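Here the structure comes first, spelled out in structure tokens, and everything after it is commentary.
The values are calculated or read from the model by the stated rules, or taken from the named source; none is laboratory data. The structure presented is a predicted model; accordingly, all values stated were derived computationally and were not measured. Cβ sites come from the backbone with ideal geometry, for glycine too, and all protein chains shown count toward neighbours.
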Ligand SMILES: Cc1ncc(C[n+]2csc(CCOP(=O)(O)OP(=O)(O)O)c2C)c(N)n1
């Protein structure tokens, strides 16, 4: 739109949009309002360059941008108005923050002279989001706008990624100044470490070569740093078994012989036994979350720990680490591969040392696989397996929160990074569907499924209108148990089946609801109907809601009760 | 182990930095006992000196997270042994014929100054370690303290002594 060499005087609105283009933004998720009307007016002139997706609720915009970011690896961008528009994004921002997802949230603000005045639609969104953003800004002078946007994208996408918010008072959007997009950012106080310390890396390798019962404990950092290929090469070179957190799923192929499943509260028997019995655990882009460790003081008590993470503050937070390595997962794995290239003989002989360990793991796997019993009613696990079969493991799966999320994690075999979108840290019900919308926009050619619960889906069901408007063929599979299933499960196990307010007695007819929105609704009540419904849904190039009426009181197993060591799983 | 700590935090002089830093402490249930914030030689920088009391491991965690804040340039823990630590106090005490002599005596002992003399009260200014300031308060109490204003503790690492 403008020539690089010329300096132009522009309004703040135009500067904002030009800056977004400089950051290669071609899609934003938003919802207009008074404080951002100038920006929206300008946006119409940029229709060909920036696609604006009009959501139906600002929370939807934040989750959609998050899903877009997770699926594509790009920064997700949100544009909303001041006050309620901004506060509606907070759950989405906190969700992204907990899972380290790069996002830039642009919020309108009342004019500078009214700030602090309790003006109409004023909210101190910078104050509200301070603890759930990686950083946030308020623009006080239009001259700072371009630099701040540059900084925001840089901060959001580098180091440990995260959401960054920029609050823009309305008068700034109409003020003018010359526009020149800065080439570089210099933040004296922000210098993420990418390359791990050589000595530390050598220590990890020498421990690994010695270890008889090693385990790679991988997390979301593998996916965030695009390190799946390096991880696979590394694990194969030394024959290292891999177990993953929820967030790490897809970071290593689930059908790989070295993969032993998910760790933690609903992890596999083998993964939890592996970490409990390992002698050397290398945590890679994982953060020892309490859902993974169970009772922390006995967690992996026989093991030495190495921890590779770009965020020094996550190292040694919950567990004492013997060999900390601060650095980007991909960069560190590459260094390790380079070092190993000159130690191929040692690598080969070290593989011998763990034949017994791998055998043990395979035995556990054989004795206690993930399992469920078929019956006359649809089992949720069967449903997820069918989705896996029919999509050949190539779909992008988003989930809501609760049992649906855990069954999706257990029974869909994720092959590729960025193929599971789930709110791991915050556990946000209502995340999955808008995230699926964002993912479908990022990846138009992929099949995108939201595996949902009948409770969660109602938390952002309004986005069905968005999916219909933009003709996004997202598939929603509702695991309908007429319960807030995960709550019911806890009440069953720990509250003597006192089902206090966890039964969903009234829900809409999801098939009719889909139709009312102009989407397609399908229903299956029996196991033999599942495949047909899924096939039909996959053949329709429109958003489809599938209502799967499932066994009402099915539980997610294995389960580590809270406060119990993770080897103390309840099996089926 | 729970003990007192003093952190010296160099930050970029931007709005909201204090809130970000203080937020990290409160989020972990750490009380900030005293805090001093002021500019440095560099116009764009401020230094915060925070004294706090609590568990060493949690403090280490807070330190790491302080470093994670975008506006924080440097965080340093200042230990008692290696640093000089000072605090300044202003005390308004009753000053009538019966107490004046005692006030002058105390002032001399503590190397304090009388910086304001009213009809019935004096304002005493003193600088020193937290301990010294505390004992000054104790000694002045019987004379009748009307008001107190204390700065937080400020601290600086001692220069290296020659071998
Ligand atoms: C926004 C939000 N509110 C409450 C919860 C607590 N919670 C966790 S799981 C769950 C039940 C979810 O029910 P449903 O969506 O029907 O899924 P199911 O467990 O039955 O698969 C609830 C209420 C949450 N995670 N998020």
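Quick notes on this structure:
- Checking B:44, B:64 one by one, the residue that is at pLDDT below 95 and either out of contact with any strand residue (DSSP E or B) (no Cβ under 7 Å at 6 or more places or on another chain) or within 23 Å of residue B:133 (Cα to Cα) (or both) is B:64 and no other.
- So residue A:249, is it within 29 Å of residue A:66 (Cα to Cα), buried (at least 24 other Cβ atoms within 10 Å of the Cβ) and over 17 Å from the mean Cα position of the chain (by Cα): no
- Search result, residues across region A:505-524 that are within 12 Å of the ligand (Cβ to nearest atom) and either exposed (fewer than 14 other Cβ atoms within 10 Å of the Cβ) or within 25 Å of residue A:558 (Cα to Cα) (or both): none
- Qualifying residue in region A:417-434 (condition: more than 16 Å from the ligand (Cβ to nearest atom), more than 13 Å from the chain's Cα centre (by Cα), closer than 23 Å to residue A:229 by Cβ and away from chain B (no Cβ under 14 Å)): no
Here is a yes/no grid of residues against (1) within 14 Å of chain A (Cβ to nearest Cβ); (2) exposed (fewer than 13 other Cβ atoms within 10 Å of the Cβ); (3) assigned to a strand (DSSP E or B):
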residue	(1), (2), (3)
B:42	yes, yes, no
B:54	no, no, yes
B:61	yes, no, no
B:64	yes, no, no
B:92	no, no, yes
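- Of the residues making up region A:310-339, those that are more than 14 Å from chain B (Cβ to nearest Cβ) and farther than 24 Å from residue A:417 by Cα are A:322, A:323, A:339.
- In region A:398-410 there is at least one residue that is closer than 17 Å to residue A:258 by Cα and within 16 Å of the ligand (Cβ to nearest atom).
Residue-by-condition table, conditions (1) in contact (Cβ under 8 Å) with a residue 12 or more places away in the chain; (2) within 20 Å of the chain's Cα centre (by Cα):
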| position | (1), (2) |
| --- | --- |
| A:24 | yes, no |
| A:27 | yes, yes |
| A:42 | yes, no |
| A:47 | no, no |
| A:50 | yes, no |
| A:53 | yes, no |
| A:61 | yes, yes |
| A:64 | yes, yes |
| A:78 | yes, yes |
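- Any chance residue A:450 is more than 11 Å from the ligand (Cβ to nearest atom), over 16 Å from residue A:515 (Cα atoms) and either out of contact with any strand residue (DSSP E or B) (no Cβ under 9 Å at 6 or more places or on another chain) or part of a helix (DSSP H, G or I) (or both): no
- Extreme residue, farthest from the chain's Cα centre (by Cα), among residues of region B:17-40 that are without any contact (Cβ under 8 Å) to a residue 24 or more places away in the chain, over 18 Å from residue B:154 (Cα atoms) and within 11 Å of chain A (Cβ to nearest Cβ): B:27
- Residue A:307 satisfies every condition listed in (1) within 14 Å of chain B (Cβ to nearest Cβ); (2) touching a residue at least 60 places away in the same chain (Cβ under 8 Å); (3) assigned to a strand (DSSP E or B) except (2).
- Any helices (runs of 4 or more DSSP H) falling wholly within region A:130-221 and containing at least 2 residues that are in contact with a helix residue (DSSP H, G or I) (Cβ under 6 Å, 6 or more places away or on another chain), away from chain B (no Cβ under 14 Å) and closer than 21 Å to residue A:234 by Cβ: A:198-210
- Subset of region A:359-375 that is part of a helix (DSSP H, G or I) and under 30 Å from the mean Cα position of the chain (by Cα) - its residue that is surrounded by the fewest Cβ atoms within 10 Å (Cβ to Cβ): A:362
- Among residues of region A:468-498 being free of Cβ contacts under 8 Å to residues at least 60 places away in the same chain and more than 12 Å from the ligand (Cβ to nearest atom), the one that is farthest from residue A:432 (Cα to Cα) is A:496.
- Residue within region A:528-549 that is within 13 Å of the ligand (Cβ to nearest atom) and within 18 Å of residue A:390 (Cβ to Cβ) present: yes
- Qualifying residues in region B:66-76 (those that are in a strand (DSSP E or B) and within 7 Å of another protein chain (Cβ to nearest Cβ)) - the one surrounded by the most Cβ atoms within 10 Å (Cβ to Cβ): B:72
- For region A:218-233, the criterion of a residue being at negative phi, free of Cβ contacts under 8 Å to residues at least 40 places away in the same chain and in contact with a strand residue (DSSP E or B) (Cβ under 8 Å, 6 or more places away or on another chain) is satisfied by no position.
- Residue among A:119, A:96 that is under 21 Å from the mean Cα position of the chain (by Cα) and more than 12 Å from every other protein chain (Cβ to nearest Cβ): A:96
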